[in-house]
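Inspection log for the structure reproduced underneath, given as structure tokens.
The values are calculated or read from the model by the stated rules, or taken from the named source; none is laboratory data. Computed from a prediction, not measured in an experiment: that's the story for all the values here. All Cβ positions, even for glycine, are placed from backbone atoms using ideal geometry, and neighbour counts span all protein chains on display. Accessible surface is based on the protein model in full, side chains and every heavy atom, while ligands, DNA and RNA are left aside. Shrake-Rupley method; radii C 1.70, N 1.55, O 1.52, S 1.80 Å.
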Amino acid sequence: MASDAPARPDDGPSDPGGASATSAPALDVRGLEKRFGTTVAVDGVDLEVPRGSLTALLGPSGCGKTTVLRMVAGLADPDAGTITIDGTLVSGPGVAVPPEKRNVGLVFQDYALFPHLTVARNVAYGLAGRPRAERERRTADALTLVGLEGVEDRYPTALSGGQQQRVALARAIVTRPDLVLLDEPFSNLDATLRAAVREEVRTILRDADQTAVFVTHDQEEALSLADRVAVMEAGRVHQFAHPQTLYTAPATRFVAEFVGEADVLAGTRAGTYLVDTPIGRLPTVRPISQRHVAVVIRPESVRLRADPQAPAVVSGISYFGHDQLTQVALPAGEVVRARRGPQLDLERGRPVRIEVDGPVHTFDVTDPGADTDPSADG
Ligand code: ATP
């Protein structure tokens, strides 16, 4: 576990939040904790979200991501830690600003639209108490931003899932909140629609220069949508980084396996940057100090060559058209997958030689969540 992970995200190749790094972050979470009975739902989470950025909280079911979001929104009370939104402490010792005073917009999984209100009135809901002309102008602006002009007078039930999502988004941003929080915002959409709506939502949030944090268990969603991803497990953040950093420099074995595809083989140290594995001696990204390590193999880095003398055989093929995932069984039973082009040139049972491109990531096996190399990023 990268327990000394910085509260600030790692620098990535493009850094939309970096330009405003000197101003207060849109969201600053320190030492956040939450227990439900004996369950530790959130266990010391630090998070610093730059303004104008999109952050994903990514992790398996039950890792605590929704609880973090709910505490930031003010819908749940932390047991410890502080939450600061746009420079204002909203939660901490003796401080508990109610949700409606936090200047936060919320988009729920089921959108939570009012079925008896028209689209325009749903969006205008958060503007209650403001002059009518302002309400109308801001509602119209928000509906334009989400591309819903023309359906103002419809009711939510007369809209597609994607349109309802956009209404929910318009309602969340119409008040110009410091932060928009989205809880599994795409999970109610079918797979085809999801990719399109995801792109739309990203464009809308960008156009509005809106800081947003969303929760997802879908790594593809997190990697494709967010500038920064906080990978969570068991109530803790393993790594908070740009998607590319998570993928190319995972701080822990959990991140390496959870983000992207990976097979893990047992390895033995053969040199400072060399490891012996069941598929041969491989160069490593980081120096190895332990004798036994876990070696992470990415399917796209694996090359297969038919070789009648090879002890490994093709044991399965998942064919996707644009590419395929070819499973190879090693003599001792381990499986390594290779992501290969569309040509079905290696059938099941064919002996193959395995080669791996580039250096591999290794992790200490005595503590599978940890990397013993102090120079490793985190
Ligand atoms: P999912 O993707 O399934 O929603 P999650 O990562 O968002 O999962 P949380 O919903 O934050 O996880 O839950 C974290 C842990 O806290 C889980 O073990 C969950 O069962 C527990 N938990 C969450 N809310 C409550 C509650 N109100 N009462 C009791 N336990 C809860």
Report task. Find the residue count for the range 46-75, including only residues that are more than 10 Å from the ligand (Cβ to nearest atom) and charged (D, E, K, R). Result -> 3
Query raised in the report: Give me the pairs: first residue in the range 196-222 and closer than 20 Å to Asn103 by Cβ and within 16 Å of the ligand (Cβ to nearest atom), second residue in a strand (DSSP E or B) and open to solvent by 10 Å² or more (accessible area, probe 1.4 Å), beta-carbon distance under 8 Å, and six or more apart or on different chains, which are they?
Result: Phe214/Asp183; Val215/Asp183
Report task. Scan the range 347-362 for residues that are more than 21 Å from Arg269 (Cβ to Cβ) and of a type in the set (Val, Ile, Thr) and jot them down. Result -> Val352
Query raised in the report: Is at least one residue of the range 233-254 of a type outside the set (S, T, N, Q), buried (at least 24 other Cβ atoms within 10 Å of the Cβ), assigned to a loop (DSSP other than H, G, I, E, B) and more than 16 Å from the ligand (Cβ to nearest atom)?
Result: yes
Report summary line: Pairs returned, first residue in the range 26-54 that is modelled with pLDDT of 95 or more and β-branched (Val, Ile, Thr), second residue that is within 12 Å of the ligand (Cβ to nearest atom) and not in a strand (DSSP E or B), beta-carbon separation under 6 angstrom, 6 or more apart or interchain, are Val40/Gly235; Val42/Gly64; Val42/Thr67; Val42/Val68; Val42/Gly235; Val45/Val68
Query raised in the report: Pro78 versus (1) at pLDDT 95 or above; (2) outside any strand (DSSP E or B); (3) within 12 Å of the ligand (Cβ to nearest atom): which is the lone unmet condition?
Result: (3)
Report task. Could you grab me the full set of residues in the range 24-45 that are more than 8 Å from the ligand (Cβ to nearest atom) and either on the phi > 0 side of the Ramachandran plot or touching an Asp or Glu at 6+ places or on another chain (Cβ under 7 Å) (or both)? Result -> Ala24, Pro25, Ala26, Asp28, Val29, Arg30, Gly31, Glu33, Arg35, Asp43, Gly44
**Report entry** Which listed residue is more than 24 Å from the chain's Cα centre (by Cα) and either open to solvent by less than 20 Å² (accessible area, probe 1.4 Å) or under 28 Å from Val229 (Cα atoms) (or both), from Gly280, Gly260, Gly271
**Finding:** Gly271
Report task. Identify, from the list Val119, Val123, Val174, the residue that is touching a Phe, Trp or Tyr at 6+ places or on another chain (Cβ under 8 Å) and buried (at least 23 other Cβ atoms within 10 Å of the Cβ). Result -> Val119
